Amino acid sequence: MTSWSVCGSIATLCASLLGTLFVNPAFSSSPKDFDIQAHRGGLGLYSESSPAAFANALELGVTTLELDTHVTEDGKVVIWHDRQIHSHLCRDTTPAFSDDPDYPYVDRYISELTLQQLQTLECGYQPHPDHPDQQIAPGSIMELSDLFDLVHEYNAYDTMMNIETKVEAGAPDETQPRDIFVPTVLKEIEASGLSNQVTIQSFDWGALKMVHELDPSLPTVALTNFSFFELDQPGASPWLGGLDADDYDGDFVAMAQEIGVEAISPLHGEPQDGALADPDYEMLVTREMVDEAHEAGLKVIPWTVNDPETMARLIDLGVDGMITDRPDLLREVLAMKNFQLPAPVHRPGYPDFEQPSVDASATEEPTGPDTLPTSPSATVGPAEENAGSVDPPTGDTSSVSVSKSQAGSVPASTAPPESVAKDHRDKAIEGHEHNTGSAKLAHTGAGIWLLISSATFIVILGIVLLWIRAPHNKRH
């Protein structure tokens, strides 16, 4: 081998090493994407399914607003999780009309109440027991069209909406039937002009099949908590759209492929309100599941994860997104792992929405690239008959604490004074700097690696050239 061949071989080796350092994600300065889904608007921060919760999520910066829908007796689509009105979330105020035989409305099913009756309820009037530090935002139950109006007001055209059709396949008499429920929701979506920002999720896979028939352009997501598979039981589960899980050996991915969805959304682990550090916790999402889903072209988005350590483990398994009550904590974990964070969205012409101060222990502890934020370990899932509630934000909240039926958009005259607006902006800037600080550290670390590798390459190449030049004259 000639000296120039040796030089070429060594240079090629060095270049390959340098190229690996550039391409390897562990050393790359290029951030990665992740789907942050604010569960019911982020019920760990504000009252669930309220205008305040959804506005706060937009201002915080999330990829997706996650929400649930029901259809009323008179065919209106409302945003609410539970099919039944519960007293710890809503309270009666007055009957919709004199001598209403349905009054009081608490404990009744949404499907047997009209929109007029529902909107007399005051919901979000107290914090949920699982989220005692929530900010409450009392108001009436939102219509789906209210959320679409909010998205338009914010010009939030890069934010997705993951809309669940809460068809109760296990108790069909307690919600509107599928053939009424699904077309009614799809009609509202089409009228909004925001169809390209919508995915449809459901535990009732028969509803997903109906979505495919009525509007094949809408992406669908298969939710499950695994108990719905009803393995080793005769016949098909009512939740699986006619599939018998035993025919697939309980393979979630294989069944999801058969249904034709774009993503699967499994329960993260059991118990549902558990966390990675709990001795009895079992994580149900596995690397094998994630790899199989990705090979099938499906995304994996577990629900509902609020513990930072559990979030970090799921991210390491390769999931594509996460449904969470605490999008603020998920942002912090993702920043530490050098993920691209969605930008906050602010309402044009209004001061930034003030982020709530929730769980002081979670924000006062110092955090860095190797320190996860702390939080309560409680997690709440879409299938649970519980919800969250939350406190009106400081300053102007009339546009985000009540539904369209109460107030509509906030007139400019109700905007807070400039001193309050400045305080809001300062707090938003501080929060943004806190969330991105760890990401900057990660970028700095990657830059140092690239600098070291480049210097190493130059030194090695210089040594090679000196070595070639010295013996070259002696050999000839």
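Where Lys and Arg each count +1 and Asp and Glu each count -1, what net charge lies around S265 among other residues with Cβ under 12 Å from its Cβ?
On the way: positive: K299; negative: D35, E66, E164, E262, D320.
For residues surrounding S265, the net value is -4.
At N155 and K187, where each label point lies 7 Å from the Cα along Cα→Cβ, what is the point-to-point distance in nanometres?
For N155 paired with K187, the spin-label model returns 3.3 nm.
Between T175 and residues 5 or more places away or on another chain, which pairs have amide H atoms under 5 Å apart, with H built 1.01 Å from N, and which residues are they?
E168
At H294 and D316, where each label point lies 7 Å from the Cα along Cα→Cβ, what is the point-to-point distance in nanometres?
My value for the distance between the label points is 1.6 nm.
Between E258 and R287, what is 0.36 nm times their sequence separation minus the Cα-Cα distance? Round to one decimal in nm.
Working: separation 29, 0.36 × 29 = 10.44 nm, distance 2.12 nm.
Extra length from E258 to R287 when fully extended: 8.3 nm.
According to a simple spin-label model (label point 7 Å from Cα along Cα-to-Cβ), what is the distance in nm between A171 and D102?
1.8
Applying the Karplus parametrisation 6.51 cos²θ - 1.76 cosθ + 1.60 with θ = phi - 60° to the phi angles of the range 37-53, what ³J(HN,Hα) value in whole Hz is obtained for each residue in order, glycine and proline being reported as x?
Each residue of the range 37-53 in turn: 10, 7, 5, 6, x, x, 6, x, 10, 9, 3, 4, 6, 9, x, 5, 5 Hz.
Under 5 Å between amide H atoms, partner at least 5 residues away or on a different chain: which partners does D35 have, H built in plane at 1.01 Å?
G321, M322
So who's got an amide H within less than 5 Å of the one on G241, skipping anything under 5 residues away but keeping other chains? H placed 1.01 Å off N, in plane.
W205, G206
Which parts of the range 313-344 would a label at N196 reach, counting a residue when its backbone N lies under 12 Å from a point 7 Å out along Cα-to-Cβ?
Residues passing the 12 Å test: none.
How long is the gain from D179 to E270 if the chain were fully straight, where each residue apart is worth 0.36 nm and the alpha carbon distance is subtracted? List each step's numbers first, then the result.
Values: separation 91, 0.36 × 91 = 32.76 nm, distance 3.28 nm.
Full-extension gain reported as 29.5 nm.
Would you kindly derive the ³J(HN,Hα) couplings of the range 270-284 from the backbone phi angles with the Karplus curve 6.51 cos²θ - 1.76 cosθ + 1.60 (θ = phi - 60°), listing them in order in whole Hz, with x for Gly and Pro?
10, x, 4, 9, x, 9, 4, 7, 6, x, 9, 7, 10, 6, 8
Just so you know, all these numbers are worked out from the coordinates, no wet-lab data involved. Nothing here was measured: the structure is a model prediction, and the numbers come from that model. Cβ: placed from backbone, ideal geometry, glycine included. Neighbour counts: every protein chain shown.
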